[in-house]
Amino acid sequence: MKKFLFVDLDDTLFQTPKKCPGETDLQAAAYLKNGDACSFTTARQRAFFEFAQSGMTLIPATARNGDAFRRVDLPFTSYSVLDYGGIVLQPGGALDAGWLALMQDDMQTALPGLRDAMRIIDDFQAKTGMPSRARLIEDYNTPFYIVVKDHEARGERLADIEEQVLQQWIAGEGSDYFIHRNGNNLAVLPKTLNKARAVAYLRAELEAEHGPIVSFGMGDSRSDARFMAACDYAIIPNGTQLAALTVAAL
């Protein structure tokens, strides 16, 4: 029976240097647009990657868009899930046009709500004197979600946005959306956009091709839990947001 690992990338297989305190054997794994290395693997992460590759096919399931994914230097050879599940790439990198057409219909329906959330965030930021503003994230000519980052990387300010304005909106007219906050990243996404949906689609494709499979899900954040729950087994890296909410909390 074939085995597949659907795996998040950032803070799961690699991370920025500031998240590697005490690590001395780092190797570049992802790059900025100017070619500078920005994310690195530790020796243990490389050992895990080698171990996983020896018995499983690895399928990235990432929030990265197509451009950022192309700047990841890891040898993936199968499908890829990008943009929180909005984009599926086939083996070899070709766009899955059928999946994109489905997502484009859903994202056009979700776009007015995303614009409402942007207005709510920007109004709050202006009233509190903060310069950061929400941005609409698009890829393959398709709007997917909005994101705001604090200009000084102070995560507590993003918590203020979530708790003081967005939670109320989500509880009311924004009930078709959800909030993802991790570090200096606050995103508002339509519920129709999620990695779990894309993973379920690919599981069906893989089972049609190979028969019954064994699937594993691996990720670091609370938002990853949904696609991990769609798999047969879940793997959680220690020291991550999801580990703190689950195994470390026991």
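What whole number of Å gives the distance from the Cα centroid of segment 1-65 to the Cα centroid of segment 106-133?
32 Å
List the lysines whose Cα lies under 23 Å from the Cα of residue 18, skipping any in the same chain that are fewer than 8 positions away.
Partners within reach: 33, 149.
Please identify which residues in segment 126-149 have an amide N closer than 19 Å to a label point set 7 Å out from the Cα of residue 159, following the Cα→Cβ vector.
Taking a point 7 Å out along Cα→Cβ of residue 159, the residues of segment 126-149 whose backbone N falls under 19 Å are 128, 130, 148-149.
Within segment 117-171, list the GluC sites (Glu not before Pro) lying in a DSSP loop whose Cβ has at most 13 other Cβ atoms in a 10 Å radius.
152
Taking only Cα atoms of segment 17-75, what ratio of Rg to Rh do you get with Rh as the Kirkwood inverse-distance radius?
0.98
Can you pull out the trypsin sites (Lys or Arg not before Pro) in segment 6-103 whose DSSP state is coil and whose Cβ has at most 12 other Cβ atoms within 10 Å?
33
Quick one: Debye curve from the C-alpha atoms of segment 105-190, no solvent, what's log10 I(q)/I(0) at q = 0.10, 0.19 Å⁻¹?
Scattering profile of segment 105-190, log10 relative to I(0): -0.22, -0.79.
Using Cα-Cα distances under 8 Å and only pairs 6 or more residues apart, what relative contact order does segment 105-190 have, in percent?
This gives 29 percent for segment 105-190.
Over the chain, what is the relative contact order in percent, taking alpha-carbon pairs closer than 8 angstrom and at least six residues apart?
Here the relative contact order equals 19 percent.
How far apart, in nm, are the 7 Å Cα→Cβ label points at residue 210 and residue 119?
Placing both labels 7 Å beyond Cα along the Cβ direction yields 4.7 nm.
Modelled label-to-label distance, residue 70 and residue 152, 7 Å Cα→beta-carbon offset: nm?
With each label point 7 Å from Cα toward Cβ, the separation is 3.7 nm.
For the pair residue 171/residue 245, report the inter-label distance in nm, with labels modelled 7 Å from Cα in the Cβ direction.
My value for the distance between the label points is 1.9 nm.
Any read-out appearing in this document is the output of simple, stated calculations on the displayed coordinates, not a laboratory observation. Note that this is a predicted model, so its numbers are computed, not measured. Don't worry about glycine lacking a Cβ; one is built from the backbone with ideal geometry, like all the others, and counts go over all protein chains shown.
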